[in-house]
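Peer 1: Could you have a look at this structure, given as structure tokens, before my questions?
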Amino acid sequence: MDGFQAYGAGKAGGAFDPLTFIRQPQTVIRILCWLFSIVILGCVANEGYVNRPDEVEQYCIFNRNHNACNYAVAMGTLGFLCSAGFLALDVYFPQISGVKDRKKAVMVDIGVSAFWSLIWFVGFCFLANQWQFSNPEDNPLNEGADAARATIIFCFFSIFTWGGVTLLSLERLKRVSYEEEYDKLFTPPLS
């Protein structure tokens, strides 16, 4: 029973090993989610607003629709915070001693990750649509075009990274369900 884990973590109170933590597939994918959020936020915040040479006011590069830039900034910011929060939970996870608490953490992880995968899909479709209908005359110097394309492609990549985190969390839940049942069935009676 030494190798048993509860909801994808070692026994509660075990020592934290950073190398083992970094090598876990869920950690790697979650770090990618975090990095993609930074890229999206940086691209839109830095080069997402442009103006014509004869204008002073800046407009969103995505079809001059401020809602598109606001959505991308919000997605990038909240995705960054959510990824950082779940990375912190993954670090803290082995210290959670209650099986019910671990189960709740895994279920929240599944729900939030699936939700973010959907949000990134909506964002990809929205930004790609707005970029498609952008008027080249609104940006004659082609400023920020690479940043807009990078935002769209990293939204696309984020769909799959958050989906991957969802699948890995589901796998963790399936893998440990057997262990929970084993503990219930084969726990020695108290004398």
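Peer 1: Name the residue that is nearest to ILE29 (Cα to Cα), counting only residues in region 136-153 that are hydrophobic (A, V, I, L, M, F, W, C) and open to solvent by 50 Å² or more (accessible area, probe 1.4 Å). Even if it seems obvious, please write down each step before you answer.
Peer 2: From region 136-153, those hydrophobic (A, V, I, L, M, F, W, C) are 141, 145, 147-148, 150, 152-153; that's our starting set.
From what is left, the residues that are open to solvent by 50 Å² or more (accessible area, probe 1.4 Å) are 141, 153.
Numbers: LEU141: 37, ILE153: 17 Å.
The selected residue is ILE153.
Peer 1: To continue, here is another question. Note down all Cβ pairs under 9 Å where the first residue falls in region 141-153 and is free of Cβ contacts under 8 Å to residues at least 60 places away in the same chain, the second is exposed (fewer than 14 other Cβ atoms within 10 Å of the Cβ), and they're at least six residues apart or on different chains.
Peer 2: Close Cβ pairs satisfying both conditions: ASN142/PRO136.
Peer 1: Follow-up. Hey, can you tell me all the residues within region 112-149 that are under 25 Å from the mean Cα position of the chain (by Cα) and of a type in the set (Ser, Thr, Tyr)?
Peer 2: SER113, SER117
The values are calculated or read from the model by the stated rules, or taken from the named source; none is laboratory data. Quick caveat, the model's predicted, so the values are computed rather than measured. In this analysis, Cβ positions are derived from the backbone assuming ideal geometry, glycine residues included, and neighbour counts consider all displayed protein chains. Side chains included, ligands, DNA and RNA excluded: accessible areas come from the protein's heavy atoms. Shrake-Rupley method; radii C 1.70, N 1.55, O 1.52, S 1.80 Å.
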